[in-house]
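The values are calculated or read from the model by the stated rules, or taken from the named source; none is laboratory data. In this text, all values refer to a predicted model and were calculated from it rather than measured experimentally. Quick reminder, even Gly has a Cβ in these numbers, built from the backbone with ideal geometry, and neighbours come from all protein chains shown. The accessibility values were calculated without ligands, DNA or RNA, using every heavy atom of the protein model including side chains. Shrake-Rupley method; radii C 1.70, N 1.55, O 1.52, S 1.80 Å.
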Amino acid sequence: MAHAATITTHLAGPTPEAELRALAAVVRLADGTTLSADLGIAPILIGSGPDATLKVADPSVSRLHCELSLQEDGVALRDLGSKNGVVLGGVRLSQATLSLGSSVLLGTVRLSIEERGAPKRVALWPEPRFGGAVGMSLSMRVLFARLAQAAKSDSALLLWGESGTGKEVLARAVHAHSGRSAGPFVVLDVGGIARELIEAELFGYEKGAFTGATEAHRGLIAQAEGGTLFIDGVDEVPLEVQPRLLRALETGEVRPLGGGKVQAVHARVMATAKRQLRRAVADATFREDLYFRLAVLEERVPPLRERREDVPLLVEHFLQPRKLSDLPPGTLELLSSHHWPGNVRELRNAVSRLSVFPELDLQSLMLDQGLETGRSRLGPLGALPLKEAREKLLGDFERTYLAEHLARHHGNIAETARSIGVSRQSLYELLNNHGLRGSR
């Protein structure tokens with residue numbers, strides 16, 4: 001049972017879908033307290049800080065200790081640079097694949113993977129494109145399917161995620177698939193407007209309403225009549241403007257600054273934020289009632305590092321009319337391995353440089369874009385003689401490999417030996433060499 005697929009996709013038939021095993025991350029504290037979080041499409045963060053999905057109040061657990069994400073063959077664990085590490089059998093791991101029943105130590109706290117209930121099915125979008133958005137990864141095809149469903153509604157939609165993930169592209173796709181597609185798509189870029197002008201841009205103003213108002217101006221909310229008002233960066237709307245915005249959304253009426261006539265507006269509202277607005281509410285920088293009004297439908301847009309399998313498709317999309325085969329050798333591998341802190345926007349800029357300057361040397365691209373070069377990727381190994389570097393690299397790999405397979409088989413020596421193709425005696429010798437041991 002522990003080796004059954006974690007995610008199974010069903011692509012045949014009119015409605016593609018994925019079946020996810022009902023797994024949960026379970027943390028047991030020293031006092032016997034048990035904490036848990038369900039594992040779904042989006043990764044979860046375990047730590048003691050406010051940004052953790054599963055918050056563990058223990059001094060041995062870092063603010064962001066590790067990340068867990070569902071994969072087809074198990075649960076991928078990644079240490080996020082924690083102080084006390086992720087430890088299995090006395091060995092500190094930077095990453096591992098955990099299966100049902102596996103357990104590791106986060107500092108002094110034990111983390112295990114448990115199954116809770118029957119598998120759940122989620123719908124998948126049948127193609128790797130939704131409007132102008134591109135993605136073939138499971139997370140994006142689930143998101144596309146949910147947004148296509150959201151397009152059938154007039155309810156407010158909140159998209160949140162890191163900068164550069166393509167939130168506006170997705171909002172435009174929802175608008176294009178909606179019953180309001182013939183209406184305008186009006187954008188308020190909160191970050192691109194001076195704070196003192198946001199209210200005037202939203203509601204409009206009458207001539208003479210303030211110094212510089214030499215003529216009347218129709219606000220963006222009114223301009224969105226019959227279509228969609230898209231508020232990009234709603235988490236940056238000043239606190240003093242939020243009550244008036246809430247009232248306008250609740251009543252469907254706006255009054256321009258300067259005492260103009262009240263106007264009835266029928267527009268759908270979509271908004272974006274760089275982080276979950278619940279955290280801004282908790283920090284008292286965003287009104288809770290406005291949050292509930294905006295987040296009738298709420299979706300997280302994953303960063304590119306969580307869906308690296310989408311990089312080749314995105315590169316191909318940005319390269320047009322050129323082809324992947326036109327790229328210098330090794331470029332796609334480099335782009336697929338980069339962390340992409342700027343997400344899809346950063347990738348698009350890198351590809352644009354290659355499109356404008358096809359003769360651009362790959363090394364120049366890496367330096368200009370701040371990508372990791374082959375030299376920096378070696379880290380401390382680059383300072384060692386070749387023989388020592390090779391031995392250390394192979395030793396580290398062998399230790400991690402053995403620890404991961406032990407975890408998959410719950411420490412069972414016979415099953416672990418069978419899975420990696422060695423005898424039990426050979427496995428015992430390997431484990432002894434690395435200070436590891438099985439449980440039985």
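Kindly establish whether Glu206 is open to solvent by 60 Å² or more (accessible area, probe 1.4 Å) and touching a residue at least 40 places away in the same chain (Cβ under 8 Å). Yes.
Here Glu250 passes the criteria (1) charged (D, E, K, R); (2) in contact (Cβ under 8 Å) with a residue 40 or more places away in the chain; (3) buried (at least 17 other Cβ atoms within 10 Å of the Cβ) except the one numbered (3).
Taken over the range 83-93, the criterion of being open to solvent by 40 Å² or more (accessible area, probe 1.4 Å) and either on the phi < 0 side of the Ramachandran plot or of a type in the set (A, V, I, L, M) (or both) is satisfied by Lys83, Asn84, Arg92.
Could you say whether any residue in the range 75-82 is open to solvent by 20 Å² or more (accessible area, probe 1.4 Å), charged (D, E, K, R) and outside any strand (DSSP E or B)? If you could, list the steps in order and put the result at the bottom.
First, the residues of the range 75-82 that are open to solvent by 20 Å² or more (accessible area, probe 1.4 Å): 76, 78-81.
Next cut, charged (D, E, K, R) only: 78-79.
So of that shortlist, the ones also outside any strand (DSSP E or B) come out as none.
No, the range 75-82 contains no residue that is open to solvent by 20 Å² or more (accessible area, probe 1.4 Å), charged (D, E, K, R) and outside any strand (DSSP E or B).
The listed residues are Glu359, Glu372, and the only one of them that is part of a loop (DSSP other than H, G, I, E, B), open to solvent by 40 Å² or more (accessible area, probe 1.4 Å), out of contact with any helix residue (DSSP H, G or I) (no Cβ under 8 Å at 6 or more places or on another chain) and at pLDDT below 60 turns out to be Glu359.
Of all residues in the range 256-267, none satisfies being modelled with pLDDT of 95 or more, of a type in the set (S, T, N, Q) and either open to solvent by less than 60 Å² (accessible area, probe 1.4 Å) or more than 25 Å from Glu162 (Cα to Cα) (or both). When the range 57-74 is limited to residues that are closer than 20 Å to Arg300 by Cα and not in a loop (DSSP other than H, G, I, E, B), the one that is most open to solvent (accessible area, probe 1.4 Å) turns out to be Gln71. Filtered by the rule that a residue be within 30 Å of Leu80 (Cα to Cα), open to solvent by 80 Å² or more (accessible area, probe 1.4 Å) and of a type in the set (A, V, I, L, M, F, W, C), the range 273-331 gives a lone residue, Ala282. Residues satisfying the criterion are absent from the range 140-156 (criterion: among the small types (Gly, Ala, Ser), in a helix (DSSP H, G or I), out of contact with any strand residue (DSSP E or B) (no Cβ under 7 Å at 6 or more places or on another chain) and touching a residue at least 40 places away in the same chain (Cβ under 8 Å)).
Among the residues of the range 56-83, those identified as out of contact with any strand residue (DSSP E or B) (no Cβ under 7 Å at 6 or more places or on another chain) and modelled with pLDDT of 90 or more are Ala57, Pro59, Lys83. With respect to Ser153, determine if the residue is loosely packed, with under 15 Cβ neighbours inside 10 Å, within 29 Å of Phe130 (Cβ to Cβ) and in contact with a helix residue (DSSP H, G or I) (Cβ under 9 Å, 6 or more places away or on another chain). Here the answer is no, as Ser153 does not meet what is asked. Would it be correct to say that Leu188 is among the aliphatic types (A, V, I, L, M), in contact with a Leu (Cβ under 7 Å, 6 or more places away or on another chain) and buried (at least 20 other Cβ atoms within 10 Å of the Cβ)? Spelling it out, Leu188 is indeed among the aliphatic types (A, V, I, L, M), in contact with a Leu (Cβ under 7 Å, 6 or more places away or on another chain) and buried (at least 20 other Cβ atoms within 10 Å of the Cβ).
Just so you know, in the range 8-56 the residues that are assigned to a loop (DSSP other than H, G, I, E, B), among the small types (Gly, Ala, Ser) and out of contact with any Asp or Glu (no Cβ under 7 Å at 6 or more places or on another chain) include one that is most open to solvent (accessible area, probe 1.4 Å), and it is Ala30. The residues of the range 332-341 that are open to solvent by 60 Å² or more (accessible area, probe 1.4 Å) and closer than 20 Å to Gly164 by Cα, listed by number, are His339, Pro341.
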